[in-house]
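The values are calculated or read from the model by the stated rules, or taken from the named source; none is laboratory data. A quick note: this is a predicted structure, and the numbers were derived from the prediction, not measured. Here Cβ is always computed from backbone atoms with ideal geometry, including for glycine, and neighbour counts include all displayed protein chains. These area figures cover heavy atoms from the full protein model, side chains too; ligands, DNA and RNA do not enter into them. Shrake-Rupley method; radii C 1.70, N 1.55, O 1.52, S 1.80 Å.
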Amino acid sequence: MKVLKFGGTSCGTTESIQAVLGIIKGKQAKGEKIAAVFSAMGGVTNQLLKAGDLASTGDTSYFDIVKGIEDRHFTVVRALIDVKAQSKVFANIRTIINELEDLLKGVSLIREISARTSDLIVSFGERLSTTLIYEILHAQGVDCQFLDARKVVRTDAHFGMAAVNFEVTNRQIQTYFAKTKSLQLITGFIGSTEKGETTTLGRGGSDYTGSIFGAALNAEEIEIWTDVDGMMTADPRKVKNAFTIPTITYAEAMELTHFGAKVIYPPSLQPAFAKNIPIRVLNTFNTDFIGTVVNRTAEPSEYIITGISSIDNLALVNLQGSGMIGVAGVSAKLFTVLAKHKISVILISQASSEHSICFAIEPSASASVKALLEEEFKAEIAEGDVEGIEIQENLSVIAVVGEGMRRHTGVSGKLFSVLGKNGINIVATAQGSSELNISVVIEKKDISKALNVIHDSFFFSQAKTLNLFLVGTGLIGKALLEQLKGQENYLSKYKALKVNLVGVMNSKKMLIDAKGISMENWEEERDSKGKTAEIWAFVEEAKRLNLPNSVFADCTANKEIHNYYLGLFEANISVVTPNKVANSGRYEDYALLHRTALKKGVKFLYETNVGAGLPVINTLQGLIASGDRFEKIEGVLSGTLSYIFNNFKAGVKFADIVREAKVKGYTEPDPREDLSGMDVARKILILGREIGLRLEPEDVEIFKLLPENCEKAPTVEDFFKELEVSNSYFEAMVNEAEAKGEVLRFIATLENNKITIGVRSIGKTHPFYMMDGADNVISFTTKRYHDRPLVIKGPGAGAEVTASGVFADIVAIGSYLA
Ligand code: ADP
Ligand code: ASP
Ligand code: MG
């Protein structure tokens, strides 16, 4: 014998009921002996509760609700029962509906609803759905009977959550079944007291009915048919990567369901457990799927944990005071009074100092619990032994569950670290001594992010997803997306990293989609679906989404966007950028940014601030971290100035070289922006700060390259004319150098805490003597690289190489993720 239970989701519509009928008939065809328990049609229990409430205030719109319920049942009758047989069935259902209407009318007359009446009202949900299914099967010639569970399930009079009297119930079920051979169609959720009053077993209680019957009848298995593929590693509605757990123990299932996995109502496990009856959770809409078996032991699994679940809304009560230390009996008194008032405690945590006890409850109980405890601990509060009762609302609890945790160390470490890295604050924790469950209380706003990061870190320890918000889709941004797209397989295979493009914005349009934007069609998607670009709105949305492992890439040259970095760090979003503005402004702002990133555990990476894709900053940081000391930094840090001086020789006009550089696209539209040395100043300032110097922009001393007439020329063309006019000035410079066998280079130098920038004449032994094209070169003279400096040289500008530097920063964040 098997007992099958079909949930509200399986009994909700004509199509789902057809699926249910198919399952029942399929079992019968195979000769299996079964009984079936049904929930109310999905949503009906809530509607009945609402109807009761409305009636109790005299609001007659309860009528519409009842009409709606009737319609849903009639619709199924019309679809699944032969026309000739329909009128009798309509009449039968109508009789039940009439009884419900009379009851609600009574409530509306006396304007009062008791828990007892409420239970009677909701019982109609299961009575109607089960009658409906009985009528259909009966009309189809199946030998079956309708069994109102109130006939056999005996409970106490705790309405809304009645306790079952198993002795009487088991006997009555056994006696009843002994007398019949027909297929029994049983109402879930309801029972009755000794006096014949209708009771309910608690929300979700049809599962319990299934288990009660299964145990009483010594069934070989209890099947819970629902709308998902069995019990899953997390609620699939909240965690998109959740997957089916093939086998799970009663104890694990108890922990998961107690902490919110509503796929099984927790009390249902007890009767099955007591008799060692396996519970199989199956999907009505995917009948071939094997589902989950709950049993005494489970198959060994490759994962340390079995699943995670959550209760999304709860309150934490904190009782603390110095007078509680070492005083026996505070907890005893506390929990006795809670039990007496039937307050259910979801989780308890006590610091070992015994200075405080905190426990989690349903938020609806928080006001009454506060009053209750203030009364109970009146004397202790007056004495000052207890400081008071504090309630914290808007919290959630997550339970990480699994027998495998007993054999593993470091599970809590991993859990806390993944939460920490994602900026999720842990308000309280509790670990049962059975080591079957670790629970953490967090703020409600973080629940979805927390569930997903915990889930992925325990079940997909290999694969990490990074959520990317990209601002700036010019040459660098575009090249970056190209590279990310091209390397997708590589990243997944060798770095176990998936980059999910969530937001993309240029100066005109912005698009954010948490599900991800295609790396192929991002441009079209942004332009067709995007909104008008507003950086503040883009940043706010990035924060609001609160996605795990978020990275903001600023691939613009914009001077304002850096003002948002601080807020992004505060929201636990890392920043990657080639934009130098943030790092080269006032020292105070710079320091605050870096401090905040450190404090929040997020990354701020900007390798491309100096030398584009060349590994300058990472190398420098590596040297510092390993204890090296910097004595001098020198660099040719501008591709433009590099090109100009690499080609400027005696006999060549300086103006011609500058013009050539402009034509080749190496300079800004006005070459004076490069020749002023300002950009180089920003880069060397950044390097100075990296080695720990507290430098301000004005500490950089620039020896001007251009004579005043060139600097002051009103237009670019005038500027070139003035360069010609000043030709002898440049000629003298290069002649003097060549006379000594030297060359000119535009060099930034940091030595003795001082930064100077300007043209220098250098000899053959200098590492910058041999230069080509528009290369950048940086040399580090340190305690270790003392006699011969460490030199980094190569192309230091261009979209491709800059993008690859940004790419490397993004991948670096990926490898840091938990
Ligand atoms: P029924 O009407 O069949 O009783 P319920 O809504 O009571 O269905 O329970 C099934 C729902 O439980 C699923 O749709 C799913 O969203 C939710 N759920 C929560 N946690 C889990 C989990 N760990 N595994 C499967 N389902 C879960
Ligand atoms: N219909 C009841 C409820 O909604 C019982 C159940 O579905 O299990 O709570
Ligand atoms: Mg349910």
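Overview of values
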| read-out | value |
| --- | --- |
| Length-normalised contact order of the stretch 1-125 in % [C-alpha pairs under 8 Å, at least 6 apart] | 29 percent |
| Prolate/oblate/rounded call for the stretch 378-522, Cα gyration tensor, a/c under 1.5 rounded | oblate |
| Rough spin-label spacing in nm, given labels placed 7 Å along Cα→Cβ, for residue 712 and residue 339 | 9.4 nm |
| Considering only the chain, percent of DSSP beta bridges that pair antiparallel, nearest 5 | 60 percent |
| Length-normalised contact order for the stretch 258-361 - Cα pairs under 8 Å, 6+ apart - percent | 24 percent |
| Gap separating the Cα centres of the stretch 644-666 and the stretch 698-729, nearest whole Å | 14 Å |
| Accessible surface of the stretch 580-681 [probe 1.4 Å, protein heavy atoms]: carbon and sulfur percent | 51 percent |
| Cα centroid separation - the stretch 113-165 against the stretch 217-251, whole Å | 25 Å |
| Gain on full stretching of the segment that runs from residue 475 to residue 527 - 0.36 nm per residue minus C-alpha separation | 17.0 nm |
| Ellipticity estimate at 222 nm from DSSP helix runs (n ≥ 4, -39,500 (n - 2.57)) divided over the chain, nearest 500 | -13000 deg cm²/dmol |
| Of all accessible heavy-atom area on the stretch 1-134, the percent that carbon and sulfur account for (1.4 Å) | 54 percent |
| Whether the stretch 49-157 is rounded, prolate or oblate, judged on the alpha carbon gyration tensor where a/c under 1.5 counts as rounded | oblate |
| Rounded accessible area per residue of the chain, 1.4 Å, Å² | 44 Å² |
| Loop trypsin sites (Lys or Arg not before Pro), the stretch 761-818 (other Cβ atoms within 10 Å of the site Cβ: 11 or fewer; DSSP) | 764, 783 |
| Alpha-carbon centroid distance for the pair the stretch 577-603 / the stretch 782-796, whole angstrom | 26 Å |
| Degrees, to the nearest 10: 83-110 long Cα axis against longest axis of the chain | 80 degrees |
| Of 658, 93, 451, farthest towards positive along the dipole that unit charges on Lys, Arg, Asp, Glu beta carbons give the chain | 93 |
| Backbone N within the stretch 749-764 under 20 Å of label point (7 Å from residue 668 Cα along the Cβ vector) | 749, 756-759 |
| Extension gain, residue 494 back to residue 95 (0.36 nm per residue minus Cα-Cα distance, nm) | 136.9 nm |
| Inter-probe distance in nm under a simple model that places probes 7 Å from Cα toward Cβ, at residue 732 and residue 589 | 4.0 nm |
| 73, 258, ranked by accessible area, largest first (probe 1.4 Å) | 258, 73 |
| Across 580/603; 508/664; 449/495; 2/25; 493/599, pairs whose alpha-carbon gap is larger than 20 Å | 508/664; 449/495; 493/599 |
| Surface share of carbon and sulfur [accessible, 1.4 angstrom probe, percent] for the stretch 226-328 | 54 percent |
| Inter-label distance, nm, simple model (7 Å from Cα along the C-beta direction), residue 181/residue 560 | 8.5 nm |
| Sequence ranges 134-140, 687-693, ranked by mean other-Cβ count within 10 angstrom, highest first | 134-140, 687-693 |
| Shape of the chain, Cα gyration tensor, a/c cut at 1.5 | prolate |
| Chain lengthening between residue 678 and residue 378 when straightened (0.36 nm per residue, less Cα-Cα) | 100.9 nm |
| Whole-number percent relative contact order across the chain, with pairs defined as alpha carbons under 8 Å at least 6 apart | 8 percent |
| Cα-centred dipole magnitude for the chain, charges only on beta-carbon of K, R (+1) and D, E (-1), debye, nearest 20 | 1920 debye |
